[in-house]
Amino acid sequence: MGTVTIGVSIAVPEPHGSLLQELRAGFGDAAAHGIPTHVTLLPPTEVDASVLPAIEAHLVEVAAAGRPFPMRLSGTGTFRPLSPVVFVRIVEGAEACAWLQKQIRDASGPVARELLFPYHPHVTVAHGIDDAAMDRAYEELADYEAEWPCTAFGLYEQGADGVWRRLREFAFAGAVVPPQAARSEDASLPAPWA
């Protein structure tokens, strides 16, 4: 069957996802259109294609143990000089992301692996481009804000063309409404994601 390169991530929903992807392309990041805007839970990992059913079963279990949570992005950060990355910061939801990625990479699971760097959830907006463009991305998105209720994560595969495509989405169990829902005008009405 051969090997495939997979990743697990939380998709940044519309309109935020397309906006950040277009901005990333505008900063000169050639890979932008092949990478949906996301928060990584499992970085690119090469696996034998025959293991995919076991990986999907594992992700079903992880999702069943998870609950919806509020995700909020605000401002920018960078991993430079260690790594040529500028990102939008996660200011709410980072702990939930850290818990999820740990469950996904669990030593007893089918995608157990060590990370090259300590896990730091973020949304990449520039990677591997020249310093002036990295600086521009950092400055132009310094006031960026977005929030949404995170209710699922996805399994992605990188095609031979370098484009990442979602294979399957895994919704969290339960109907616990994130605290953001309380902001609606009539809290007695259920939120759309409840």
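For residues that are in contact with a strand residue (DSSP E or B) (Cβ under 8 Å, 6 or more places away or on another chain) and under 25 Å from A25 (Cα atoms), scanning just the range 83-99, find the one that is modelled with the lowest pLDDT. Write out each step before concluding.
First, pick out the residues of the range 83-99 that are in contact with a strand residue (DSSP E or B) (Cβ under 8 Å, 6 or more places away or on another chain): 84-93, 96-97.
Subsequent filtering for residues that are under 25 Å from A25 (Cα atoms) retains 84-91.
Values: P84: 91, V85: 94, V86: 96, F87: 97, V88: 98, R89: 97, I90: 97, V91: 97.
The residue in question is P84.
Among the residues of the range 143-175, which ones are loosely packed, with under 13 Cβ neighbours inside 10 Å and within 17 Å of L20 (Cβ to Cβ)?
Those that are loosely packed, with under 13 Cβ neighbours inside 10 Å and within 17 Å of L20 (Cβ to Cβ): D143, E145.
Looking at the range 160-171 only, could you name the residues that are at pLDDT below 95 and either in a strand (DSSP E or B) or touching a strand residue (DSSP E or B) at 6+ places or on another chain (Cβ under 6 Å) (or both)?
Correct list: empty.
Against the conditions (1) in a loop (DSSP other than H, G, I, E, B); (2) at pLDDT 95 or above; (3) touching a Ser or Thr at 6+ places or on another chain (Cβ under 8 Å), where does D143 fall short? Just the number, please.
Only one criterion is unmet by D143, namely (3).
Filter the range 46-57 for residues that are within 19 Å of D106 (Cα to Cα) and surrounded by fewer than 18 Cβ atoms within 10 Å (Cβ to Cβ) and give the result.
From the range 46-57, those within 19 Å of D106 (Cα to Cα) are 46-48, 51-57; that's our starting set.
Scanning the range 46-57 gives E46, V47, D48, V51, P53, A54, E56, A57.
Could you say which residue among G154, G174 is modelled with pLDDT under 95 and not aromatic (F, W, Y)? Break it down stepwise before answering.
Details: G154 fails: modelled with pLDDT under 95.
One residue alone meets the criteria, G174.
Run I6 past the list (1) modelled with pLDDT of 95 or more; (2) within 19 Å of the chain's Cα centre (by Cα); (3) under 19 Å from A126 (Cα atoms) and report the number of the one that doesn't hold.
Against the list (1) modelled with pLDDT of 95 or more; (2) within 19 Å of the chain's Cα centre (by Cα); (3) under 19 Å from A126 (Cα atoms), I6 comes up short only on (3).
Under 7 Å between Cβ atoms, at least 6 apart or on separate chains: pull out the pairs that start in the range 112-138 with a residue that is among the polar types (S, T, N, Q) and end on any residue that is outside any loop (DSSP other than H, G, I, E, B) and surrounded by 12 or more Cβ atoms within 10 Å (Cβ to Cβ).
T124/V85; T124/F87
Kindly indicate whether any position in the range 22-42 is farther than 17 Å from Y144 by Cα, hydroxyl-bearing (S, T, Y) and either surrounded by fewer than 19 Cβ atoms within 10 Å (Cβ to Cβ) or in contact (Cβ under 8 Å) with a residue 12 or more places away in the chain (or both). Explain how you work it out, then say what you get.
Initial filter on the range 22-42 (farther than 17 Å from Y144 by Cα): 28-36, 40-42.
Filter again for hydroxyl-bearing (S, T, Y), leaving 40.
Right, trim to either surrounded by fewer than 19 Cβ atoms within 10 Å (Cβ to Cβ) or in contact (Cβ under 8 Å) with a residue 12 or more places away in the chain (or both) and you get 40.
Scanning the range 22-42, I find at least one residue that is farther than 17 Å from Y144 by Cα, hydroxyl-bearing (S, T, Y) and either surrounded by fewer than 19 Cβ atoms within 10 Å (Cβ to Cβ) or in contact (Cβ under 8 Å) with a residue 12 or more places away in the chain (or both), so the answer is yes.
The values are calculated or read from the model by the stated rules, or taken from the named source; none is laboratory data. Here the structure is a predicted model, which means the values were calculated and not measured. With ideal geometry, Cβ positions are generated from the backbone for all residues, glycine too; neighbour counts draw on all protein chains shown.
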